[in-house]
């Protein structure tokens, strides 16, 4: 049970950290200068979360 909680906490920390960084730097947000920046960041968040989920499933934490 503890491993599952740690795994989910790690997965949920990724979007929290990325959103926190972009929240503090309003002038350097990718969607302000690049048309697809918003989708690129969302795709990056999804890819990292999916990668963590697959890894935690592989080592039997989820």
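Each value in this text was obtained by applying a stated rule to the coordinates, not by laboratory testing. As the structure is a computational prediction, the values presented were derived from the model and not from experiment. Reconstructed Cβ throughout: ideal geometry from the backbone, glycine too, with neighbour counts over all protein chains shown.
Summary table below
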| quantity | calculated |
| --- | --- |
| With Cα atoms, 0 to 90° folded angle of helix 2-24 axis to the chain main axis | 10 degrees |
| Extension gain from residue 59 to residue 28, taking 0.36 nm per residue of separation minus the Cα-Cα distance | 7.5 nm |
| Inter-label distance for residue 6 and residue 47, nm, one decimal - labels placed 7 Å from Cα along Cα-to-Cβ | 2.8 nm |
| C-alpha long axis of helix 37-58 to longest principal axis of the chain, angle in ° | 10 degrees |
| Calculated Kirkwood radius over Cα pairs in Å (choose from [x] 12.8; [y] 14.6; [z] 16.0), label | [x] |
| Two-site label geometry, residue 16 and residue 38: point separation in nm, points 7 Å out along Cα→Cβ | 2.5 nm |
